[in-house]
Amino acid sequence: MPFSERRLDFIPERDGFSFPNAFTWTPLDLDFLSRWFRPVSLPVAAALPASGAALAGGWRGLAAGALVGVGLAQAGLGAGLVRGAARRWRSFGLCGGMACVAAQRWPHRGGLPTAELQPNPMRMMLWRQQVRTLAAAGGTFVRYWLRTRSGRADVGEDLLREWEEIRARIDAGRPVVIGLVGDAPDPFAMHQVLAYGYAGTEDRGTLLVYDPNSPGKERTIAFTVAGRYARLTTDLPTGPAPSGYHVSTRPGRLDMFFVVEA
């Protein structure tokens, strides 16, 4: 099988954010939660556990707060209850928003490089892009997470389709937001990253990714497919975490990646 590779001029130290994917609640966050989750609540509710997964990036506070917000909006309850529920969690993440904004700002042509941007002025933009990933990827997250939790590892054909799509987009000159799924018992522990390079053949390869949880570092995801089955390894931090598990119960392992159409 022919080998191919491509790497965009995306440098995590320059084109990714210098701050990590870890935020604490402010009045602006709580206002956003109250205002924005009502209009997006229907697509979110269609894939409830996964909606949190698309938001979380390993930081369960945002996911749990978002789900509570959606549930309350669906029930027609007040914004005050949404804020109160969200405050039960100390911190949250915006991994999908960070990946999307980094992709949109690349290649850098003027103004401050992404790495020089500060978190507070970017906060609402990150939230808006986070909602886009929530609406776009919630159902896909939950589908693969449930499949993984049920013990089904037959994602080989699906993975090869995603691999082909990611390569085509990078070949066309654009980085790609991808969702990462593992076997963590908590669906809120899933993650999103930005792929900007690849190397491999039709049924095995490596992705180069910017991980919002690891500012300035280049991370990799490698896979092989044999028939219906796939094996994925990574140097992203996965496995046991202070709040339970991040993406997977196994360090250095994943079960699926896919393109987030945001």
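The values are calculated or read from the model by the stated rules, or taken from the named source; none is laboratory data. In this text, all values refer to a predicted model and were calculated from it rather than measured experimentally. Every residue, glycine as well, gets a Cβ built from its backbone with ideal geometry; the counts of neighbours run over all protein chains shown.
Residues in region 213-237 that are in contact with a Lys or Arg (Cβ under 6 Å, 6 or more places away or on another chain) and closer than 24 Å to F19 by Cα: D235, L236.
Matching residues to (1) surrounded by fewer than 23 Cβ atoms within 10 Å (Cβ to Cβ); (2) at positive phi; (3) hydrophobic (A, V, I, L, M, F, W, C):
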| position | (1), (2), (3) |
| --- | --- |
| P175 | no, no, no |
| V181 | no, no, yes |
| G227 | yes, yes, no |
| T234 | no, no, no |
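Residues in region 238-262 that are in contact with a Lys or Arg (Cβ under 8 Å, 6 or more places away or on another chain) and at pLDDT below 95: S243, G244, A262. Within region 197-211, residues that are closer than 19 Å to A103 by Cα have Cβ atoms under 8 Å from residues that are assigned to a loop (DSSP other than H, G, I, E, B) and aromatic (F, W, Y) in these pairs: G197/F10; Y210/F10, counting only partners at least 6 apart in sequence or on another chain. On the basis of being surrounded by fewer than 23 Cβ atoms within 10 Å (Cβ to Cβ) and touching a residue at least 24 places away in the same chain (Cβ under 8 Å), does Y245 make the cut? Yes: the conditions hold for Y245.
Each residue in region 242-262 was checked for being touching a helix residue (DSSP H, G or I) at 6+ places or on another chain (Cβ under 7 Å), of a type outside the set (S, T, Y) and not in a loop (DSSP other than H, G, I, E, B), and 6 of them qualify. Contact map, region 2-19: residues that are touching a residue at least 40 places away in the same chain (Cβ under 8 Å) paired with residues that are acidic (D, E), Cβ distance under 6 Å, separation 6+ or inter-chain. Pairs shown: R6/D171; P12/E218.
Of all residues in region 219-262 being of a type in the set (D, E) and in contact with a strand residue (DSSP E or B) (Cβ under 6 Å, 6 or more places away or on another chain), which is nearest to L159 (Cα to Cα)?
Filtering region 219-262 for residues that are of a type in the set (D, E) and in contact with a strand residue (DSSP E or B) (Cβ under 6 Å, 6 or more places away or on another chain), the one nearest to L159 (Cα to Cα) comes out as D255.
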